[in-house]
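The next block holds one structure in the form of structure tokens; read it before the comments.
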Amino acid sequence: MPRGNATAAWEVTQPLRARDRVRADAVAAIGAWYNPWAHLAFPSLVGIGFIAASIHLLDHPTALELLAAPLFLVLINFNEWHIHRNILHRPSWPLQILFWRHTPEHHVIFVRDDMAMRATREFRLVLIPFYGILAIFLTSLPLTATLWFLVSPNVAAIWVACSMGYTVAYEWLHLAYHLPTTSLVGRNPLVGLLRRHHATHHTPELMQRWNFNVTVPFADWVLGTIHRDAA
Ligand SMILES: [Zn+2]
Ligand SMILES: [Zn+2]
């Protein structure tokens, strides 16, 4: 098994039989208790709950405070690019598990011309762990507290709403890209446009270098990591 940054073994498209073996192993590892709809609903409800609470906390925000929202969304977009490129595609302590679930599993199972899940149980192969959204809220608490005490409670609430909303959007969009293209959501032209960007990233030969944004490819555009030829 390759170690460290040696990801070359996964940077080639494997034959369907080999990919099906990885898929069968990954699906077999899903517990009998697993409920794909609960896996989708939990982060969605938590995220929407945090957004509602944040909006409830807002107290006559100024225009300048509201301007924090687009700024936060841009920063989170760059952070999405960074986490995807440097944590999901390069094993890094103590988050190696995220690498192992992403590069040797998600990327081997789903490739550019075979992006669709085959059953709802495969939500497990696309969505982040159900507690991920809580982990994101907790790890960003120091920033939330800093904003609350040093800037204003309104800006802290806007930050929470943005980070939670972005996480939910990430989950919904990523799942949408891996739905069959003939499904109601998969047929949506905007989903189709964004899916093409992500599908290029699912070309094993390109995945380590190109198209790291999963939501809106803004950081990819700024940093010059949109692959033009394979789209
Ligand atoms: Zn994907
Ligand atoms: Zn990736």
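The values are calculated or read from the model by the stated rules, or taken from the named source; none is laboratory data. Worth saying up front: this structure is predicted, and the values here are computed from it rather than measured. Here the Cβ is made from the backbone with ideal geometry for all residues, glycine too, and neighbour counts use every protein chain on show. Heavy atoms of the whole protein, side chains included, go into the accessibility calculation; ligands, DNA and RNA do not. Shrake-Rupley method; radii C 1.70, N 1.55, O 1.52, S 1.80 Å.
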Completion exercise
Expected field for ARG101, accessible surface area in Å² at 1.4 Å probe radius, rounded to 10, holds 50
Fill in the blank from the handout: The correct ranking of LEU194, LEU134 by accessible area at 1.4 Å, largest first, is LEU134, LEU194
Problem - For region 134-177, fraction of C-alpha pairs farther apart than 17 Å, in % - result: 37
Practice task
Could you compute the FRET efficiency for PHE149 and PHE78, with r as their C-beta to C-beta distance and R0 at 25 Å, rounded to 0.05?
Solution key: 0.50
Fill in the blank from the handout: log10 I(q)/I(0) for the chain, Debye formula on C-alpha points only (no solvent), q = 0.13, 0.18 Å⁻¹, two decimals, reads -0.83, -1.45
